[in-house]
1. Go through segment 118-225 and tell me which helices (runs of 4 or more DSSP H), entirely inside it, have 2 or more residues that are within 25 Å of VAL4 (Cα to Cα) and open to solvent by less than 20 Å² (accessible area, probe 1.4 Å).
2. Which ones in segment 230-245 are assigned to a helix (DSSP H, G or I) and free of Cβ contacts under 8 Å to residues at least 60 places away in the same chain?
3. Any residue that is within 16 Å of the chain's Cα centre (by Cα) and of a type in the set (Val, Ile, Thr) - is there at least one of those in segment 92-113?
4. So, restricting to strands (runs of 3 or more DSSP E) that lie completely within segment 54-100, which ones have at least 1 residues that are out of contact with any Leu (no Cβ under 8 Å at 6 or more places or on another chain) and surrounded by 23 or more Cβ atoms within 10 Å (Cβ to Cβ)?
5. Mind listing whichever residues of segment 142-197 are among the hydrophobic types (A, V, I, L, M, F, W, C), without any contact (Cβ under 8 Å) to a residue 60 or more places away in the chain and in contact with a strand residue (DSSP E or B) (Cβ under 6 Å, 6 or more places away or on another chain)?
6. Test SER41 against the criterion of being open to solvent by 70 Å² or more (accessible area, probe 1.4 Å), part of a loop (DSSP other than H, G, I, E, B) and at pLDDT below 95, and give yes or no.
7. Determine which member of the set SER209, SER189 is at pLDDT 95 or above and under 21 Å from LEU147 (Cα atoms).
8. For segment 21-38, enumerate the residues that are among the aliphatic types (A, V, I, L, M), surrounded by 14 or more Cβ atoms within 10 Å (Cβ to Cβ) and either over 20 Å from the mean Cα position of the chain (by Cα) or closer than 19 Å to MET1 by Cα (or both).
Amino acid sequence: MCRVSICIPAYNNAVSLQKLIESIDVQTYTDYEVIITDDSSTNDVQDYVTRLGNTKIRYYRNVKQLGATGNCNEAICKAKGEYIKMMHHDDWFADRDSLKKFVRMLDEHKDADIAFSGTNQVYGKMSTSRCIADDRVKAMRKSYRTLYNGNWIGAPSATMIRNKDFLFDPNLKWLVDVELYIRILSQNSNFAFTKEPLVSIGVDEFQLSRKCEFDRKLHVQEYKYVLDKYKLYRYIDCIYVYLKIWAMHLKVDILRLTRN
């Protein structure tokens with residue numbers, strides 16, 4: 001059994017996938033498998049993977065389209081590694097030692113089920129670095145509830161988790177990664193991290209996350225869902241966050257009414 005399963009939920013973007021695969025091929029850590037679950041409506045991804053002939057890649061074309069969350073879970077369910085390294089098809093490793101550094105974090109912190117890193121946020125030719133602030137690390141060590149106030153960990157590509165059957169909640173789109181982090185840390189509060197940017201996150205206006213970002217109605221629905229799922233309504237700080245989300249939603253609705 002390999003140590004790491006690199007899980008790639010692909011969808012209609014063979015060009016970006018190629019950049020990711022090239023960043024995997026040069027990794028100095030080599031005890032891994034690559035799982036690609038393809039939710040595409042075209043054959044571009046399948047044709048690209050076939051041309052590669054890479055024996056480390058296990059490719060699966062979904063019989064029916066599963067959607068973003070379902071496709072992620074499909075890849076995780078097929079993983080055989082001790083560690084799960086989720087990589088979205090439009091993200092890539094920042095340098096040759098990235099995977100080795102992720103593995104080292106969980107190897108050295110055997111009490112942790114999740115490790116995460118800083119990231120490079122790449123917008124076309126522009127790039128900015130993102131990493132967790134010290135006060136947020138302190139707050140997360142005190143309580144997983146702080147993640148309800150914001151995704152301090154980052155995108156799934158910035159994480160590595162132990163293969164303990166952790167799946168994304170299919171009921172969510174916007175808070176899908178936050179809910180997973182809350183679930184992991186609610187069961188085991190230990191985590192490992194580095195501020196070093198080990199992955200680059202490709203950002204563009206056509207991504208699902210960008211579409212969800214301004215859907216305030218969706219935000220209200222999903223924050224309520226997570227509030228109920230973890231009984232966070234017992235905590236004043238979480239109630240305050242939920243009311244703030246509601247206020248932003250009402251403000252948008254009022255603006256729409258006045259424009260009409």
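The values are calculated or read from the model by the stated rules, or taken from the named source; none is laboratory data. Predicted model only: the values in this text are computed from it and were never measured. Positions of Cβ are backbone-derived with ideal geometry, glycine not excepted, and every protein chain shown enters the neighbour counts. Surface areas here come from the heavy atoms of the whole protein model, side chains and all, with no ligands, DNA or RNA. Shrake-Rupley method; radii C 1.70, N 1.55, O 1.52, S 1.80 Å.
1. Working: elements: 134-142, 176-187, 208-213.
Counting at least 2 such residues, we get 176-187.
2. TYR233, ARG234, ILE236, ILE239, TYR240, TYR242, LEU243, LYS244, ILE245
3. Within segment 92-113, not a single residue is within 16 Å of the chain's Cα centre (by Cα) and of a type in the set (Val, Ile, Thr).
4. On the way: elements: 57-61, 83-86, 91-93.
It comes to 83-86.
5. Step one: list which residues in segment 142-197 are among the hydrophobic types (A, V, I, L, M, F, W, C), which gives 147, 152-153, 155, 158, 160-161, 166-168, 172, 174-176, 178, 180, 182, 184-185, 191-193.
Next, from what is left, pick out any that are without any contact (Cβ under 8 Å) to a residue 60 or more places away in the chain: 147, 152-153, 158, 174-175, 178, 180, 182.
ILE153, ALA158, listed by residue number.
6. Numbers: open to solvent by 70 Å² or more (accessible area, probe 1.4 Å): yes; part of a loop (DSSP other than H, G, I, E, B): yes; at pLDDT below 95: yes.
Yes, satisfied.
7. On the way: SER209 fails: at pLDDT 95 or above.
SER189 is the lone residue from the list that is at pLDDT 95 or above and under 21 Å from LEU147 (Cα atoms).
8. Taking segment 21-38 and keeping what is among the aliphatic types (A, V, I, L, M), we get 21, 24, 26, 34-36.
Okay, now just the ones that are also surrounded by 14 or more Cβ atoms within 10 Å (Cβ to Cβ), so 21, 24, 34-36.
Across segment 21-38, the qualifying residues are ILE24, VAL34, ILE35, ILE36.
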